[in-house]
Each structure stands twice: as structure tokens, then as C-alpha cells.
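Each reported figure results from applying straightforward, stated rules to the coordinates on display, with no laboratory input. Note that the structure is a prediction, hence the values are computed from the model and not measured. Positions of Cβ are backbone-derived with ideal geometry, glycine not excepted, and every protein chain shown enters the neighbour counts.
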Amino acid sequence: MAVAPRAVRGMLRRKPIEQIDDDTGHSGGLTRTLGLWQLTAIGVGGIIGAGIFSLAGAVANEKAGPGVLISFIVAGIASAAAAFSYAEFAGLIPRAGSAYTYGYAVLGEFAGWAIGWDLLLEYTAIVAVVAIGISGYFNDLLGFMDVDLPLWMLGAPGTEPKGVADGSYKVNLFAVLLCLLIAYVLNLGMKNAARFETALVYLKVGIVALVIVVGVFKIDAGNYDPFLPFGLDGAFTGAATVFFAVFGYDAMSTAAEESKDATRHMPRAIMYSLAISMVLYVMACLVLTGMVNYKDIDSEAAFSSAFESVGLKYVGMVIAVGAILGVLTVLFTFMMGAARVWFSMSRDGLLPGWFAKTHPTRHVPTRITWILGVGSALIAGLLPINEAAELTNIGILLAFIIVCIAVIVLRYRQPDLPRQFKTPWMPFTPIIGVVFSIWLITFLTAETWMRFGVWFLLGCVIYFVYSRRHSLLNTSSGGKELK
């Protein structure tokens, strides 16, 4: 009769924060190479992607009109509530794993396992979705240049457009190659990979600046009227959609053990990356909806088509090329995030330690990264973008809820811990993050919940069959909880 309570105690055991701090001194092979601005670039790279190059146009056209500006501001405020919580934890627990590690330290092993297991799927699916999106831009660019490729390599089965016979598409080859390319870059070592990422982020920010500086001279103020053609409800509905374009700092925070001074730099990088991205989002939305009437915005290639419509065709081409190269940074950030979560779970004994083996000279989790590269390549190559996208939503929101709750619990449980950054207006700020995340979850479809349920049940089986017994917290205590 005593077995069940002991098992429950095992699920609730927490890794002491002091022990986590000690672990970072010998982080299992990871090396501290990232400075403040490299971390910020990784965060910006994860936040600014398809959201600014296509999602902003789609929301303006279909849901909010010029009020897409309000959509981004509301989403940014909600994301900032979670970002403050992440920043407090990042300065307090400078360890790989992000939400998984924070949940493990504050809410217990099973909570940490659940969110870590979920993020593995979410981050991998995000990589696949973005790769599919970039592939679409690439195919459009080749069409503009009158380059015809074999039909079999242009898309996943069942995604053939009108005029193309069913069964003509076999695989989205370009998306597959992108996923494998990012895995290769990440395996070069974090220092070299971060240089690649930073260069692309500079390029991307330059493209957005080009959009703003050139586009501002083509604004017609009449296009802002009506500002809310779908009403305020449309703007709020748009906020639920664009919310998924204003996170990315969460994946960046998984690189804490590769930061030169994580306790000081990680909180700043989180806040800087979100602030920079929001300024660019707001200014770009003002330009887009001012250049073109919201009814005429191209939902898929908003900015390139907008410049073409005002007689700046070649600027539109530059934007299209920049979008392809710039969005690669999203692939980098989220594949890196998935690899660091997996690495951290394996090092803690919740997954086999074989995965946590790092390269002897490059000091990166090579095995994990290649597995993620191949896994995301299979999803990107063989699934339509809508089906892949449905895998990305729920995990991030659950991670936000876990982190926001955990920061409240820890503040009151251990108020005297040396925090480099403190979430302001406690507990109201994290509560806003929880409420907004729950509200957004209500927009998810039954199919999304079903897929999440299947993945979660699989994770539960792995946890109770393997992870609970092999956890370092269990083995270090002689396995007493499990007897």
C-alpha cells in the first residue's frame, strides 16, 4: 500500500538549485563561448522569421486589417509577461534545458519531464514548418527566374496545386536539405555556428530595415482607413495568431551553459531580443498596411508583392531572397533548443546517457543534433505544412504556463535566492502570462489536442518504464523512492 505514495514522491522530487549551480561548473562537455550580443542575435533569429515576412500580411488581409499593429502589440505584451519569468530563471539557473530545467527544479521531476518531452516535439516541428515555408519562397523565386524543377521534388505528397496531377509530388526535397544543413552547421561547434547565425541575423535585420526605410516613402495614409475593418475582435483574434511569431527567446535560453556569463547575459539577451523584434514588427506592419490596402495584401509573400505593386519589383526580389536566408535563423535557434533540452534530459538520466555524449573537440551534442536533423527532415519532406504546424502550438503555451507558475512558486518558497533579474510586479506579471496562454490554448483544434495526447501518453510510458528508475536523483538516493 505504500508503493503508490513513494512513487508519487519520486515524481515530485526536485533537483536543488544549489546542485544545479554546481553542475554548470562541469557541464558535460559544453563550452562557454557565447557573448551577450551573440545570445541576443540567437533570440532575434528565433523570433523574427515567417512572422514578419508572411504572417503579418496574412493576418492583416484576413483578420485585422491595419489593426494588425494592435495584434502584434497585444501579443508582444503577453509574450513579455512570460519573457520576464524566463529572464528571472535564466539569471538564477544558468543551465541548459530552459523550461524543462526550471520545471524540474521548482515543480518536480514529472512536471519537468512532461514539458521537456513536449518541447522535443514542438521545437522539431517548428524546424520542419519553417523549412517548408522557406521551400515555398524558394520555389516561387525559381518560378520568377523561369527555372523548372522536376515535380517529384517540389512538395510533400498530397500538396499538389491546381493544374498538377495528384501523386506528382513525392518529397519536399529543398525542405529536407535545409534541415540537414542546419544540423551540419550546429555540429561545427557553437562558436562557429553562432557566427553563421549572427551573420544571417544581421542580414535579416538589414532586410527589415530596407523594408521600413524604402517603404515609408510609399505610404498612402488612406490605406489606414478603416483601421479596424474587422473590429477590435479581429485585432485580438489576430493577436492569437501572431503570438506564435513573438517567442523564440525560450529556445535561446536553452543555450545558458554556452554563455560566457549566463547569470548576467541571459536575462538581458531575452529582454533585448524581444524588444528589438517588437520594434521591427510594429514598424514593418505600419509600412505594409500603409503601402497596400489590406484587401490587396498577398498572404504568402506580403512584402515582396507589396513593393512590386508600387513599382519596386527588384526591391521585392531582394526581400524575397533576404526572407529565404533570414528565416534560416529560426531553424538554427529551434534545432539548437531541441538539442539542448534533449541533452539536459539525458544528462539527468531521464533519457539514455548515450545521447548526452558530446564531440571531443567541438563540444556539442552531435548524436542528438543529427537525430533531430533527420527527424525534422522527414516531417518537412513528407507532411503538408498545415499538419506539421499543428504540432507546434500547444507545447510552447504549456511551457509558458509552467515557467510563469514556477517563478511565482520559487519567489515565495525561496525569496532570498541571489537573483540577477527579478520579474517586476510579482505575481501579476506571470499571472498575465498564464491567463493569456490559457486563452490562446482555447483556440487550438481537437486534432491538435489528440496529437498532443498521443505524444504525451508515449512520454508517460517512457517515464514510468525507464526515466523514473534511471533518474540521477533516484540513483543518487539509492532508489529508495521506488522500492
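Descriptive notes on the structure:
- Taking packing as the residue-averaged number of other Cβ atoms within 10 angstrom, the listed peptides 104-113, 249-258, 77-86 run from highest to lowest as 249-258, 77-86, 104-113.
- At R0 = 35 Å, FRET efficiency that the Cβ-Cβ distance of Asp261 and Tyr412 yields, to 0.05: 0.80
- Cα gyration tensor category, rounded, prolate or oblate, for the range 24-116 with a/c compared to 1.5: prolate
- For Leu34, the residues whose modelled amide H falls within less than 5 Å of its own, excluding neighbours fewer than 5 places apart on the same chain, are Ser259, Lys260.
- The orientation-averaged projection of the convex hull spanning the C-alpha atoms of the range 366-477 amounts to 10.7 square nanometres.
- For the range 39-482, the square roots of the Cα gyration tensor eigenvalues, ordered a ≥ b ≥ c, give a/c of at least 1.5 with a/b greater than b/c, which places it in the prolate category.
- Expected-Rg normalisation [2.2 N^0.38 Å, Cα atoms] applied to the range 259-300: 1.81
- Note on Leu151 and Leu36: their simple-model spin labels are 5.6 nm apart, each label 7 Å out from Cα toward Cβ.
- Highest-first arrangement of 87-96, 155-164, 462-471, where packing means the average Cβ count within 10 Å: 87-96, 462-471, 155-164
- For the range 145-218, applying the loop criterion from DSSP together with a ceiling of 11 other beta carbons within 10 Å to the chymotrypsin sites (Phe, Trp or Tyr not before Pro) yields no site.
- The peptide list 445-456, 421-432, put in order of mean Cβ contacts within 10 Å with the highest first, becomes 421-432, 445-456.
- At 1.567 mPa s and 4 °C, Stokes diffusion of the range 99-251 via Kirkwood alpha-carbon radius, µm² per second: 65
- Of all lysines in the structure, those lying under 19 Å Cα to Cα from Lys295, and not within fewer than 8 positions of it along the same chain, are Lys63, Lys218.
- Placing R0 at 56 angstrom, the Cβ-Cβ distance between Asp220 and Ile462 gives a FRET efficiency of 0.50 after rounding to 0.05.
- Each label was represented as a point 7 Å from its Cα along the Cα-to-Cβ direction; for Ala446 and Leu12 these points are 3.6 nm apart.
- For the chain, adding -39500 (n - 2.57) for each run of n ≥ 4 DSSP H residues and dividing by the number of residues yields -21000 deg cm²/dmol at 222 nm.
- Added length on full extension, which subtracts the Cα-Cα distance from 0.36 nm per residue, Met317 to Tyr202: 39.6 nm
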